[in-house]
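Every number in this text was worked out from the coordinates using simple rules, so none of it is lab data. Predicted model, so just to flag it, every value in this text is computed and none were measured. In this analysis, Cβ positions are derived from the backbone assuming ideal geometry, glycine residues included, and neighbour counts consider all displayed protein chains.
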């Protein structure tokens, strides 16, 4: 298991991070609401959530599908099961959880799911796309949310993390806002992209939240780092200079929402 996946092992930490992102976002439309906007999923009964984590997307999605729907969450960390099932249950829907580290195969039958979703995780296992098309019903929907290459590394080079910025960019390029349409187009006959323009704004009174955000990202920046570690000196200095100069730190966080239909394998 890659150390960069460690932050997702602790649901409470991941959920705290999601809450900070929502509070500090300049785009006040929740990315999940933007992803589901205009979709009629009221007849969907079988839903597959790949890289489901603690139920971030399932929490919103569960209320949009049929009353008798079942949501199956798939994630590499067993620790996410309780929160995922609780979020699905709170919306009055049935849920199951399957713990597996995804690679290039799925164990389910052809044409077995009405909706497949993958929120901020497909770049970890993009090789799964042919299998997503296979298990999706001909009239089904694949919904994927991912980052933009132009914002993922942000100001890391200026803070002294050139190597980490390169690594993050390399990971994101597995499935990004920029190449998502092309990658999906190889497996789906109908692909649409919705841009989600956003940034995170941290002012001086939000320093605690900013450092919590940075600690969560540490495993992506330093080998063997954990979210509980102290902020590296060069990163703390960068924050100090930015705050002194403008009274805030702004983190670009542009994302993209992809809706793919008509799987080509059918």
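Can you give me the angle between helix 81-90 and the longest principal axis of the chain, using Cα atoms only, in degrees from 0 to 90, rounded to the nearest 10? Taking Cα atoms only, the helix is inclined about 70 degrees.
What separates the Cα centres of segment 111-148 and segment 201-241 is a distance of 32 Å.
Helical content of the chain, expressed as a calculated mean residue ellipticity at 222 nm, amounts to -10000 deg cm²/dmol (DSSP H runs of 4 or more residues, -39,500 (n - 2.57) each, divided by residue number, nearest 500).
From most to least packed by mean Cβ count within 10 Å, the peptides 51-60, 153-162 give 51-60, 153-162.
The modelled label-to-label distance for the pair residue 195/residue 262, using points 7 Å beyond Cα in the direction of Cβ, is 2.5 nm. If a/c stays under 1.5 just call it rounded; otherwise compare a/b with b/c (prolate if a/b is bigger, oblate if not). Do that for segment 1-105, with a ≥ b ≥ c from the square roots of the Cα gyration tensor eigenvalues. It comes out oblate by the Cα gyration axes. In terms of other Cβ atoms within 10 Å, 89, 25 run from fewest to most in the order 89, 25. Between 0 and 90 degrees, the angle of helix 207-221 with respect to the longest Cα principal axis of the chain falls at about 70 degrees. Highest mean packing comes first when the peptides 15-21, 141-147 are listed by Cβ atoms within 10 Å, giving 141-147, 15-21. By the beta-carbon count within 10 Å of each Cβ, the least crowded to most crowded order of 104, 199, fewest first, is 104, 199. Packing order of peptides 79-86, 229-236, highest average first: 79-86, 229-236 (average count of other Cβ atoms within 10 Å over each peptide's residues). What label, among [x] 56, 36, 35; [y] 69, 43, 35; [z] 71, 35, 34, belongs to Cα extents along the principal axes in Å computed from the structure on display? Answer label, from the structure shown: [x]. Between residue 250 and residue 94, the FRET efficiency from the beta-carbon distance, with R0 = 51 Å, is close to 0.75.
Grab the Cα-Cα distance for residue 243 and residue 86, subtract it from 0.36 nm times how many residues apart they are, and report the gain in nm with one decimal.
Working: separation 157, 0.36 × 157 = 56.52 nm, distance 3.93 nm.
That pair, residue 243 and residue 86, stretches by 52.6 nm at full extension.
The C-alpha atoms of the chain define a longest principal axis, and helix 162-172 lies at about 10 degrees to it.
Taking 0.36 nm per residue of separation and subtracting the Cα-Cα distance, what length does fully extending residue 236 through residue 204 add?
Numbers: separation 32, 0.36 × 32 = 11.52 nm, distance 1.33 nm.
Contour length minus the Cα-Cα distance gives 10.2 nm.
Restricting to the chain, what percent of DSSP beta bridges are antiparallel, rounded to 5?
Values: 20 of 41 bridges.
Of those bridges, close to 50 percent are antiparallel.
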